[in-house]
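Q: Pasting a structure below so you can have a look.
The values are calculated or read from the model by the stated rules, or taken from the named source; none is laboratory data. A quick note: this is a predicted structure, and the numbers were derived from the prediction, not measured. Ideal geometry is used to build each Cβ from the backbone, glycine not excepted, and the neighbour counts take in all protein chains shown. Areas reflect the complete protein model, heavy atoms only, side chains present, ligands, DNA and RNA absent. Shrake-Rupley method; radii C 1.70, N 1.55, O 1.52, S 1.80 Å.
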Amino acid sequence: WYQRRVHGGAGSDLNSLHLRVPECWAALKAARIVYGVGFLITIPGDAVEVAAQQAEESGMIFCTNLSAPFVVNAPKFAGRLLRLLARTTVVFGNECELRALALARGWPEAESVEQLAVRAWGLLGGDEQRRTAVITRGDQPTVVARADGRTEIHPIVDVAPGCLVDTDGAGDAYAGGYLAGLARGLLVADCCSIGAHAAATVIQSRGCTFPVPFLCSALPAAPSAEV
């Protein structure tokens, strides 16, 4: 086994002043969907909160992720996390991160992933009909919580054990694929399908890399009517 360490690099200094550089601010204001990773609540800068506020005030879709168990269950980050989620429309996470959130929030340990996903959905803000909690579960189907306590189960793409190389980046790839579908106005099922294909592709290579044909072939040809 090995212990993985995260080095934030330049990201550790990110703050809202960077966002307010004219070209960055113009890009933010022109966006329809904004994605800011949850890791940003662990640094002093307020970039992710400012981006989320701008998205909320402008009617954009703000998305984030739970990032890691240590992020969601650390008391020192709890306030920032809840405030960020209250401005979030779509949140991504895996089962371990969801259960860490459940532990931090005092939710019943015996509850299923589906039940906990609904609870996580309840922390989100924005348009109720658009709010979505997307919970991946490794080699198990993805759980999606939506309005009115509904949960959906969406399949993943099976990868033969001999083809599995590196799972780092799988969750980020899933989120990226999902957001690509969301930007095209696709159904949640289609967004999950693209995310699953992206995750299945990235875990077959060392590092977060994609073959060029994937970028052209993974998206459905025509957008669906519902987001």
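Q: Working only within region 34-46, note down all residues that are assigned to a helix (DSSP H, G or I) and open to solvent by 10 Å² or more (accessible area, probe 1.4 Å).
A: Within region 34-46, Phe39, Leu40, Thr42 qualify.
Q: Go through region 99-130 residue by residue and tally those that are more than 18 Å from Phe70 (Cα to Cα) and assigned to a loop (DSSP other than H, G, I, E, B).
A: 13
Q: Let me ask something else about it. Taking region 164-189 as the search range and keeping residues that are under 14 Å from Gly207 (Cα atoms) and among the hydrophobic types (A, V, I, L, M, F, W, C), which one is most open to solvent (accessible area, probe 1.4 Å)?
A: Looking at the filtered set, the residue picked out is Leu164.
Q: Also: Can you tell me which residues in region 64-78 are within 21 Å of Arg131 (Cβ to Cβ) and of a type in the set (Gly, Ala, Ser)?
A: Scanning region 64-78 gives Ser67, Ala78.
Q: Out of all the residues in region 85-136, which are open to solvent by 60 Å² or more (accessible area, probe 1.4 Å), under 20 Å from Leu186 (Cβ atoms) and of a type in the set (A, V, I, L, M, F, W, C)?
A: Once the filter is applied, which keeps residues that are open to solvent by 60 Å² or more (accessible area, probe 1.4 Å), under 20 Å from Leu186 (Cβ atoms) and of a type in the set (A, V, I, L, M, F, W, C), region 85-136 yields nothing.
Q: Another one. So which residues in region 132-177 are assigned to a loop (DSSP other than H, G, I, E, B), in contact with a helix residue (DSSP H, G or I) (Cβ under 6 Å, 6 or more places away or on another chain) and not aliphatic (A, V, I, L, M)?
A: Gly169
Q: Right, something else. Do we find that Asn65 is polar (S, T, N, Q), touching a helix residue (DSSP H, G or I) at 6+ places or on another chain (Cβ under 6 Å) and open to solvent by 40 Å² or more (accessible area, probe 1.4 Å) in this structure?
A: When the stated conditions are applied, Asn65 does not pass them.
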